[in-house]
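Remarks on the structure that follows.
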């Protein structure tokens, strides 16, 4: 899945003030690579990820998916793209509290018309893969933060997306658990050749990434990883 | 719980209203095709004369008998007992109907007697009476039971096996006996007149009114037309109350569902973010609203049926226990099903706006607001 953005700008109006969260950003998401976007809180990284993930509309500029302007597609087509070709991991996990782990994982697949049996088999397989073979029927509140994020990662993978977009996936986790989650995401990227875009300010993440970009006041620029780690 | 209470109210009040309008309507079957003659100062509600004025039996019957087109006359003394001690009650506790013994069938139709041992009272001056099944059940009366009314000892000769509310609460006795017990010797309060072949009820009623100046003669249609506007009005009021309650339920469900959606904004935004179709989100919210309707409706129908039975018992002084066996007569299953379906539909409609809100949630803004 080739994602290219051109002169992307996103502006919000908060009261009378105008905030430019993403300011004339152009870049191409490297395919099958691990890209980290780092920046302080409020720098615009979540907004940029929402735009890349087609969850938000840009004020100006374009997003091309496989060389097609994504915003020339209907909202239903963009939704289908999110469902089938992208996986999302959120900082606060965003699991549905009324569903157990396996049902949360099945959820995106339930919208694809696959049978209940297929959904269950795939969800179980993914939960085993992320190390939750004993937590299938636990509800989110019965899981630790790290386990919740593993469930969220399994949910992001269920429709076998080409791109995984993770917004601060370790933001709520302790350092040991964060490391495990990074390793898990990194393994998925390397072994399964999926494009991974992560917004973070966690040093451990960008140390693992193939490409690192910094974002400040909505401006994105590529960074030399070694210089950041010094 | 709000939906359950609303449904219970609709079932209880609606079924009670329906039951009583049905009871009033069914009374007319007692004097099918006959003209009822009462004193000019009295009225007839379906088949029951209301008023204290009496007609001199022999004199009035002689006058009517001479009118062309009269086939048969049946004098009747109809006594409603609407007091318990000194308290006036809303619905009569029971009725006493005095009919000449040779006219049982003409008035009561083919009403069977319960069991094989009973018979209709046979002697005009005897002390035998037949009682309605509801009275018999309430007081454990059977054939042979002795009872006393106004100091007169009576013996039950039969139990009327009928579903008609008036007859099931009646003590039917020979006319002379009724006149003696209720101190109306030689008086009746109603005369049923059967028109001869070729004569219409309407023309006969007109002739009776012309010939006998102190009476009012009412055809079956006139009796029906007299009460029909009142019944229609009662039913309209009932419909109005139901409509208001359903509208309140709609607002209640809408408010609850809007709050529920608003509390789960992040969940709906997440569904949207991962690409779940809008109609799935819409269906989830509608399903939740309909579940409120299903649970509230089911509870409400049960509570409402208890309510209707209790109301019936309060109105009629028939013990609640006796009413329970008749719960499906008081609240017909079709009415239960209709009310249940109506409340589920109302809840589904109440869920539409919240469902639209949930499915139109803008992901990025919702997520931003949630962090």
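The values are calculated or read from the model by the stated rules, or taken from the named source; none is laboratory data. Note that the coordinates shown come from a computational prediction; the quantities given were computed from them, not determined experimentally. Please note: Cβ atoms are built from the backbone with ideal geometry, for glycine as well, and neighbour counts cover all protein chains shown.
Considering A:170, A:163, A:177, A:214, the condition of being in contact (Cβ under 8 Å) with a residue 24 or more places away in the chain and out of contact with any strand residue (DSSP E or B) (no Cβ under 9 Å at 6 or more places or on another chain) is satisfied by A:177 alone. Can you work out which of the residues in the range B:175-193 that are buried (at least 20 other Cβ atoms within 10 Å of the Cβ) and over 25 Å from residue B:218 (Cβ atoms) is modelled with the lowest pLDDT? Step by step, filter the range B:175-193, then rank; the result is B:181.
Would you check if residue A:158 is touching a helix residue (DSSP H, G or I) at 6+ places or on another chain (Cβ under 8 Å) and within 12 Å of another protein chain (Cβ to nearest Cβ)? Yes. Applying the criterion of at least 2 residues that are within 24 Å of residue A:140 (Cβ to Cβ) and more than 9 Å from chain B (Cβ to nearest Cβ) to the helices (runs of 4 or more DSSP H) found wholly in the range A:43-118 leaves A:101-110.
Screening A:76, A:113, A:15, A:42 for residues that are exposed (fewer than 15 other Cβ atoms within 10 Å of the Cβ), more than 21 Å from residue A:149 (Cβ to Cβ), free of Cβ contacts under 8 Å to residues at least 60 places away in the same chain and touching a strand residue (DSSP E or B) at 6+ places or on another chain (Cβ under 9 Å) leaves exactly one candidate, A:42.
At least 2 residues being surrounded by fewer than 16 Cβ atoms within 10 Å (Cβ to Cβ) and either assigned by TED's automatic domain parsing to the domain that holds residue B:357 or touching a helix residue (DSSP H, G or I) at 6+ places or on another chain (Cβ under 9 Å) (or both) is the threshold, and among the helices (runs of 4 or more DSSP H) wholly inside the range B:196-305 those reaching it are B:201-211, B:220-263.
Yes/no per residue for (1) in contact (Cβ under 8 Å) with a residue 60 or more places away in the chain; (2) over 17 Å from residue B:164 (Cα atoms):
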site: B:303; (1), (2): yes, yes
site: B:307; (1), (2): yes, yes
site: B:312; (1), (2): yes, no
site: B:322; (1), (2): yes, no
site: B:326; (1), (2): no, no
site: B:347; (1), (2): yes, yes
site: B:350; (1), (2): yes, yes
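Taken as a whole, the condition of being touching a helix residue (DSSP H, G or I) at 6+ places or on another chain (Cβ under 7 Å), at pLDDT 85 or above and surrounded by fewer than 19 Cβ atoms within 10 Å (Cβ to Cβ) applies to residue B:342. Residues of the range B:239-297 that are within 10 Å of chain A (Cβ to nearest Cβ) and within 29 Å of residue B:16 (Cβ to Cβ): none at all. Taking the criterion of being outside any helix (DSSP H, G or I), in contact with a strand residue (DSSP E or B) (Cβ under 8 Å, 6 or more places away or on another chain) and farther than 17 Å from residue B:108 by Cα, the residues of the range B:157-195 that qualify are B:182, B:184, B:186, B:187, B:188, B:189, B:195. Does at least one position in the range B:100-109 carry a residue that is under 27 Å from residue B:323 (Cβ atoms) and not in a helix (DSSP H, G or I)? There is at least one residue in the range B:100-109 that is under 27 Å from residue B:323 (Cβ atoms) and not in a helix (DSSP H, G or I).
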